[in-house]
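> Let me give you the structure first, and then I'll get to my questions.
The values are calculated or read from the model by the stated rules, or taken from the named source; none is laboratory data. Bear in mind that the values here come from a model prediction, so they are computed numbers and not experimental data. Every residue, glycine among them, receives a Cβ derived from its backbone with ideal geometry; neighbour counts consider all protein chains shown. The accessibility values were calculated without ligands, DNA or RNA, using every heavy atom of the protein model including side chains. Shrake-Rupley method; radii C 1.70, N 1.55, O 1.52, S 1.80 Å.
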Amino acid sequence: MISNHMIKSRDTSVHVYSTSEIDVTDIVEFRNANKDAFMQRHQTALTYTPFFIDSVIKAINDFPLINASTDGENIKYNQNINIGVAVALPDNNLIVPVIKRSEEFNFLGLSRATSDFAHRARQGKLDPDDVKDSTFTITNPGIFGSLFGMGIINQPNISLLSIGAIHKRPVVKETQFGDVVVIRSMVYLTLAYDHRIIDGAYGTQFLSKIKQLLE
């Protein structure tokens, strides 16, 4: 079923990709400083995933076409943002539980939802309704060390965001005293989108909005 779904997506959507490099140093430092207190207070791990989901939700508010779906030859505009988050399973398969109406969640709610889905997915305890009706998908090959990934769109979505590994790298920054080289935590985000519906300008502007929000 997974194989057929991927082949159908490849043969249906005209896949194009845009990639941005994001400075997530502030997020890394915030997480490192607060993860123990967050766990103690909320009994939930403070991971990077909710930061990315939150930025996607906010960016979709400015670029709603990204959250649309295909319905035959028609474009369906979705009222709610249902974020599918890919989870790797112990048997090397992949499943995509869906945070429905994610625009109604605050940061803590997104943290709890992603943690709960990941835990239940790896224990095989997801319900059929948990993996239905996504409008946008996020996948994270970076947790396995991949610098960036070029994913296949999850039909009937028209876009998918792939998160690469967070690495410390030397980066040139402009200051009032001139250019300096500093060590920053950087990540590549790659957006796959259906070129039948989304053109390069719209897709790249959406990705740039995510970059702005994260930084």
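> Just to verify a number: FRET efficiency for residue 79 and residue 183, C-beta to C-beta distance, R0 = 41 Å, to 0.05?
Details: r = 43 Å, r/R0 = 1.06.
For residue 79 and residue 183, the calculated efficiency is 0.40.
> Moving on to the next point. Given just the C-alpha atoms of region 138-215, how large is their convex hull per residue in cubic angstrom? If you can, show how the numbers build up before the last one.
Details: hull volume 8.1 nm³, N = 78.
Taking only Cα atoms, region 138-215 has a hull volume of 104 Å³ per residue.
> Give me the percent relative contact order of the chain, please, defined on Cα pairs under 8 angstrom at least 6 residues apart. Walk me through the numbers before you get to the answer.
Numbers: 398 pairs, mean separation 63.5, N = 215.
Once divided by the residue count of the chain, the mean separation gives 30 percent.
> I'd like to check one number: the per residue accessible area of the chain, probe 1.4 Å, reported in Å² as a whole number.
Values: 11660 Å² over 215 residues.
Here the residues of the chain average 54 Å² of exposed surface.
> Now for a different question. Find out how many positive minus negative residues lie around residue 11, taking Lys and Arg as positive, Asp and Glu as negative, among other residues whose Cβ is under 13 Å from that of residue 11. Could the numbers behind the result be given before it?
Numbers: positive: 8, 10, 196; negative: 194.
After counting each charged neighbour, the total is +2.
> Which order, highest average first, do 68-77, 115-124 follow once you tally other Cβ atoms within 10 Å for each residue and take the mean per peptide? Walk me through the numbers on the way to the answer.
Values: 68-77: 12.4, 115-124: 15.4.
Averaged packing, sorted descending, gives the order 115-124, 68-77.
> Report, by chain and number, residues whose modeled amide H sits under 5 Å from the one on residue 186, excluding near sequence neighbours (fewer than 5 apart, same chain).
Close amide H contacts, sequence-distant or interchain: 24, 167, 168, 169.
> Still on this structure, I have one more. From the Cα gyration tensor of the chain, with a ≥ b ≥ c the square roots of its eigenvalues, which class applies: rounded if a/c is under 1.5, or else prolate if a/b is larger than b/c, or else oblate?
Oblate.
> Taking the Cα atoms of region 46-156, what is the range of coordinates along each of the three principal axes, in descending order and whole Å?
38, 32, 30
> A follow-up question, please. Please report, in cubic angstrom per residue, the volume enclosed by the convex hull of the alpha-carbon atoms of region 1-86. Spell out each step's value before the answer.
Details: hull volume 13.9 nm³, N = 86.
Given the Cα convex hull of region 1-86, per-residue volume reads 162 Å³.
> Now for a different question. Is it possible to state the helix-based mean residue ellipticity at 222 nm for the chain, with each DSSP H run of 4+ residues giving -39500 (n - 2.57), the sum divided by total residues, to the nearest 500 deg cm²/dmol? What is it? List each step's numbers first, then the result.
On the way: 5 runs with 74 residues, N = 215.
Estimated from H runs of four or more residues: -11000 deg cm²/dmol.
> A follow-up question, please. Please give the per residue volume of the convex hull enclosing the alpha carbon atoms of region 115-159, rounded to a whole number of Å³.
That works out to 95 Å³ per residue.
> For region 158-215, which trypsin sites (Lys or Arg not before Pro) pass both filters: DSSP loop (anything but H, G, I, E, B) and at most 15 other C-beta atoms within 10 Å?
In loop regions of region 158-215 (DSSP not H, G, I, E or B), the sparsely surrounded trypsin sites (Lys or Arg not before Pro) are 196.
> Based on the Kirkwood radius over alpha-carbon pairs, what is the Stokes-Einstein translational diffusion coefficient of region 61-111 at 10 °C with 1.306 mPa s viscosity, in µm²/s? Let's see the in-between values first.
Working: Rh = 12.9 Å.
Taking Rh from Cα pairs, D becomes 123 µm²/s.
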